[in-house]
Amino acid sequence: RTRRSAPRRTMPPAAACAPLRDPPVKRTAHDVSRRRGFEAPFGPTFIGTVAAFLLLSSTHYALYVPCVHWVWFTAASALLCVAVLSWLFVALYNPVDPYCRANAQTTDEGLKYCNHCACYTSKHARTRHCYDCRKCVQGFDHHCVYLQTCIGKNNYPVFFTLITSVWLWCVLVAALDVFLAIPASYAPFAQPLNYCTANPRSAGWYIALLSLHALVCVGAFVVVSSLLLFHVIICLKGQTTYEWLVEDIQKKRTERAEGVKPLRMRIDEWREKMAAALATKFARSSSAVSTTRAGSKASAGEVKQTQPTSTEQVAINMKR
């Protein structure tokens, strides 16, 4: 009998021995979107806003706590607490559309489809897609670069409370800075309002710091005032920021089509006309001044020529 060689056993490839893995799950639009304002990456405007807010609030307490009675900064502290709480709510709240959050893929209930989110969203007319946050927002108003989040239907009242409280805080702190910088000699009822101003050693630099803090608060007041005034106007008109921008763009396009010049061009033309008129007027006045000067010089020369010299006058008198 001849032995039959047993077939050699070959090891299966490593890929065959690897455990089976589940296919990768496709991430939805809600998974890749920015959910909150405190998520990275942080924009330079957001970082600047946080730095300015921390600087103003910290210097406010650094200047007030050691030198002023606590009653003077109670109202400012209350407004600051309202502003901080409103800011935290707006920054931590996710205003995404509920259908976009659920990645709805049905056409029931009259939903509308978003090509960017690849899902259906609510049929609300003001539901828009935010390209910065990469999600659909119900009642979309605008994307706030200062808070790095979207402002929609659900967080707009808190956002309005935030800018109102910050505006009131800037007004109150700037007024207190000016009021508490009064020297002790001019204080009412002969009582110093500020213990640091009563000390002659620290009065000078402390008043200078209060004045600088008041100037910074006035600058913040101007910025927040323009923002608050704009939102008051659109609230009275029943519009959102997005609708106002669309209306403004359409208005400019209509004016261009009709040949109406925009306001900036009209202001520039008015400036050029005023500059040309002022230049012409200045040239005329300078020429008139030079003419009068030349005439006065000529008349003075004629007077000198007609008047006799002193020797001639003596000779005339001797003849007489």
Quiz item: So A214 fits all but one of (1) more than 23 Å from the chain's Cα centre (by Cα); (2) at pLDDT 80 or above; what number is the exception?
Solution: (1)
Quiz item: List pairs: first in segment 160-175 and open to solvent by 60 Å² or more (accessible area, probe 1.4 Å), second in a helix (DSSP H, G or I), Cβ under 6 Å, 6+ apart or cross-chain?
Solution: T161/S86; W167/V224; W167/L228; L168/L79
Quiz prompt | Which numbered condition F221 fails, given (1) out of contact with any Phe, Trp or Tyr (no Cβ under 8 Å at 6 or more places or on another chain); (2) open to solvent by 60 Å² or more (accessible area, probe 1.4 Å); (3) of a type outside the set (K, R); (4) at pLDDT 80 or above | solution = (1)
Exercise. Scan segment 94-150 for residues that are among the β-branched types (V, I, T), open to solvent by 20 Å² or more (accessible area, probe 1.4 Å) and under 23 Å from C235 (Cβ atoms) and report the count.
Key: 1
Quiz item: Quick one: in segment 112-137, which of the residues that are without any contact (Cβ under 8 Å) to a residue 40 or more places away in the chain and farther than 23 Å from Y156 by Cβ is nearest to the chain's Cα centre (by Cα)?
Solution: N115
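The values are calculated or read from the model by the stated rules, or taken from the named source; none is laboratory data. Model, not experiment: these values are computed from the prediction. Here the Cβ is made from the backbone with ideal geometry for all residues, glycine too, and neighbour counts use every protein chain on show. Please note that ligands, DNA and RNA were not included when accessible areas were found on the heavy atoms of the full protein model with its side chains. Shrake-Rupley method; radii C 1.70, N 1.55, O 1.52, S 1.80 Å.
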